2 protein chains.
Amino acid sequence: MDGKPSFPLGPSSLTEALYESVRKRIVNGDIAPGEKLTEIRIANEYSVARPTAKACLERLTALGLLRRTTHKTAVVPKLDEAEIRDLYFSRETVERAAVVALARAGKVPPEAVRAQAAMRVAAGETAQHGSDQSSHAGAFATQVEADIAFHSALVAAVGSRRLARMHEVILGEVHLTMGQFQAHRTTDPMNVAHEHDDILKAIGDGDPERAQQCLAHHLDQAQGRLLGQLRRERSEEAHA
Amino acid sequence: MDGKPSFPLGPSSLTEALYESVRKRIVNGDIAPGEKLTEIRIANEYSVARPTAKACLERLTALGLLRRTTHKTAVVPKLDEAEIRDLYFSRETVERAAVVALARAGKVPPEAVRAQAAMRVAAGETAQHGSDQSSHAGAFATQVEADIAFHSALVAAVGSRRLARMHEVILGEVHLTMGQFQAHRTTDPMNVAHEHDDILKAIGDGDPERAQQCLAHHLDQAQGRLLGQLRRERSEEAHA
DNA sequence: GCAGTATACTTGTCTGACGATTTTGCCTTT
DNA sequence: AAAGGCAAAATCGTCAGACAAGTATACTGC
């Protein structure tokens, strides 16, 4: 009946599954920034042919999750300050257009409020297992997932396929940086949840201007946290 | 001395050359919308192996210049009204951010004024060879190139790699639609040049608000021309 | 005459191997 | 002893072939 199934359950293709697996390993920080990712390594680790691994690396490179030049091995990038600013400038450009369109329509996307609920329980988990290291890492990962899902739902609700596609690329790199700074993260997760609420509130009130400002504030906070973390790491390795 | 040559003369790689060639054939309208593009056809036409052609089609698909679902032949899309609106909404989102940033800095990109000069001579050529069909088509192609170059220079001048990358994808589809409507084009090219001038003027005056409005007007005009052309074709094929 | 099914053709995907290029380690020379 | 050149190893780009899945068509039965 309907042209396409709304819920594709799993990656039917082998290349798709491989791509998703490697992608998750990169954004979760399982593969450290600066680490070499050769085609042969991927092929061996997953027991697939090299052209398959090659296609996977090319897709990741196109999305900005890998850096590679001709005849050189792919490495996962470590974003410096200038690139983080560039990333968040692009992110704000896309998400600003989204929240303005949503506020004009005055419709709060249900998916976003669902992601907010998941965000809150994840924040509670993080605060609860503060001492336990492994549980903390797991809870943090789900928290990041919920954060990504929130912003993704915001853009998806606009209904623009091209805006969503651009945002998907941007969010990939955002996810990457969050995963890389995972270990030393110290931020209170409830602050993020409150900032999300402010955005949804402004959208529901049909106030594009305020929604835009709330979003800018939220992204500025996030960028500031990332830059502060980056400077802290820089000084740490300077002492060593 | 310098890390990378500022002017990469030609695609050194075979895959790159193939990709560029097919891309140009698509955006110039040499390959009609709806036409099937099989891997074997590309491989035969260019005398390359199938995996090479496959990689080429995948890259084109990722950029939106081809549509393909699993186990089905890739076709060049013909954008309907909803998709053209979506495309121009995304385009305005990106270019608006660019002109605002440029107007804030108050710097007019030299590349843009160069593209404007090229645009004017191309417009003159188009008007001159109005009767000659082949010359007209050639002049129109260079005019479209100059138009693309102008908007591309605008975004490139911001200095954001990610914004430029998003814009490149968007402009690819824009180029595609312009190439498809090439045959029946009737617009006065000087109007476009004047609208471009208004944008540059506002940027030079350091007036972000006016630059934004001029851009919105320009894109609205362009979108209107495309939609009008599309409706005309629809009625034509309804009569036949 | 129409619909359902089976077959054949086309297409997409996966696997293996060869040649070209870059990088790195070592040797020679100044 | 240090720097430059050379050689060897490793990696990337490309090509050729076989298998499986999907689609379209033709045929048969109703």
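FYI, it's all coordinate maths here, none of it is from the lab. No experiment lies behind these values; they were computed from the predicted model shown. A quick note on method: Cβ atoms are made from the backbone with ideal geometry, for glycine too, and the neighbour counts reach across all protein chains shown.
Assorted remarks:
- Take each residue of peptide A:154-164, count the partner chain Cβ atoms within 10 Å of its Cβ, and average: the result is 4.
- In summary, the lysines within cross-link reach of B:LYS78, defined as a Cα separation below 21 angstrom excluding same-chain residues under 8 places away, comprise A:LYS4, B:LYS24, B:LYS36.
- Normalised by residue number, the volume inside the convex hull of the Cα atoms of chain B is 157 Å³ per residue.
- Long hydrophobic helices in chain A: the complete DSSP H runs spanning 24 Å or more by Cα along their own axis with mean Kyte-Doolittle hydropathy of at least -0.5 are A:81-105, A:110-128, A:133-156, A:161-180.
- When A:LEU154, A:LEU63, B:LEU65 are sorted by how many other C-beta atoms sit within 10 angstrom of their C-beta, beginning with the fewest, the order is A:LEU63, B:LEU65, A:LEU154.
- For the protein assembly as shown, the fraction of alpha-carbon pairs in successive 20 Å shells from zero, as %: 20, 54, 24, 1
- Long-range tail of P(r) for segment A:149-209 (Cα pairs > 15 Å, %): 64 percent
- Listed by Cβ neighbour count within 10 Å, with the fewest neighbours leading, A:SER21, B:SER13, B:SER160, B:SER47 appear as B:SER47, B:SER13, A:SER21, B:SER160.
- Panel order for A:MET166, B:MET119, by other beta carbons found within 10 Å of each beta carbon, from fewest to most: B:MET119, A:MET166.
- Copy-to-copy label distances for B:LYS54, where each label lies 7 Å from Cα along Cα-to-Cβ, are 1.0 nm in order of increasing length.
- Hits among aspartates and glutamates - C-alpha to C-alpha of B:LYS72 under 14 Å, sequence gap 8 or more where chains match: B:GLU35, B:GLU39, B:GLU58
- Plainly put, the tip 7 Å out from Cα toward Cβ on B:GLU83 is 3.3 nm from that tip on each other copy, the closest given first.
- Beta carbon of chain B nearest to the axis of the rotation taking B to A, residue and angstrom distance: B:MET166, 2
- Distances, shortest first, from the label point of B:GLY124 to those at the same position in the other copies read 7.3 nm; the point lies 7 Å along Cα to C-beta.
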